[in-house]
Amino acid sequence: MFSRGPLSCAKDDMIQCLRWTVFLWVVNSIPFTSGMTVNERIDHTCPPMKLEEKWHTNVNIHREFTGFDLAQKFLLRKGTVTDNRLLLRLGSKPLFKPTESVFPDGLSHEYSIIATFRLRKTTKKNRWFVLQIFDKGGDTQVSLIVDGAKKTVEFLAQGFLKNSLLYVFKNRDLHALFDRQFHKLGVSVESNAVSVYLDCELIERQVTAERSGMNVSGRTFITTRVEDGRPVDIELQEILIFCDARIADLDRCCDSPGVTCEPVVTHNPTAASLVTGYLHRMLSMPVQLPSDRCHCPALKGDQGLPGLAGHSGQKGDKGDMAC
């Protein structure tokens, strides 16, 4: 029996050391890679939203939505069903609440506003607020305005220096919003830009200046006319704020008439599953036991030299005479 040489032992130890080094590197990366997912779920500024299943088809993301269903926050009652859409009753009284009851911990700096509605004949030229948030002093912090007379959409925010930042969207493609049909208006508010979507199509994007954070000491209004603060006469299906500026862009409007969306299957393995898979593969690898023999693969050699000439053959029989 021959004992294993020191070189063979060192080689095996190096392989095992390399395996554990890779494993420990993956394990140590868990807090960084999975931390972002955990933080999204425990962000108290943006609570989880319970939405209809259609939203998971519309947006096709495999995680829970966070944000605010303003219809629930303002206790809007369900009304009639029109064109297979369950509408909300706006009533006749001004729709406002203390901001701290709507956004208890404030509103995230980036978000999406989604509102689905249809204008009536008598109100298609009204100027009204989809959303308006005042601070304690009565200054507007955030507002989204639909102007039927000018066929524009306006977004106003409070700047870092408490100044007003107004962005007017007047693209001709917005005119369809005022044709008295149901439409979905989406607004994506990013840290440095605001984008307007109509029926899940990007209409216009504008770069913005730095915005200030939101103060929850004031009041928040929804669906109110600019002229008198009373509810605008529209057919409202939903009004939502998602704590993710990407939702307005990712929305595919799969629930709209005539729109069919193919399900998209995506796989987003987490760091934990990667570690589990790697550990399983590592532990399932066969352990190489010490061996006294060297099993070396056969290698093809170079072509050899020509061999020696063979012996002369025996003399053959005499053949027949040709005719």
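Note the full-extension length gain between Val226 and Lys78 as 0.36 nm times their separation in residues minus their Cα-Cα distance, in nm to one decimal.
Full extension from Val226 to Lys78 adds 50.8 nm.
For region 109-251, what is the accessible area per residue in Å², given a 1.4 Å probe and the full set of protein chains?
On a per-residue basis, region 109-251 sits at 43 Å².
Under 1.5 on a/c is rounded, so check that first for region 121-170, then, if it is not, pick prolate when a/b is larger than b/c and oblate when it is not; a ≥ b ≥ c are the square roots of the alpha carbon gyration tensor eigenvalues.
oblate
Highest mean first, how do 187-198, 237-248 rank when packing is the count of other Cβ atoms within 10 Å averaged over residues?
In descending order of packing, they fall as 237-248, 187-198.
Spin-label point model (7 Å from Cα, Cβ direction): what's the Glu210 to Lys50 distance in nm?
4.1
Leaving out ligands, DNA and RNA, what percent of the accessible area of region 164-223 is carbon and sulfur, probe 1.4 Å?
41
The values are calculated or read from the model by the stated rules, or taken from the named source; none is laboratory data. What you are looking at is a predicted structure, and each value in this text was computed from that prediction instead of being measured. No Cβ is skipped: glycine too gets one built from the backbone with ideal geometry, and neighbour counts run over all protein chains shown. With ligands, DNA and RNA removed, areas are computed over all heavy atoms of the protein, side chains included. Shrake-Rupley method; radii C 1.70, N 1.55, O 1.52, S 1.80 Å.
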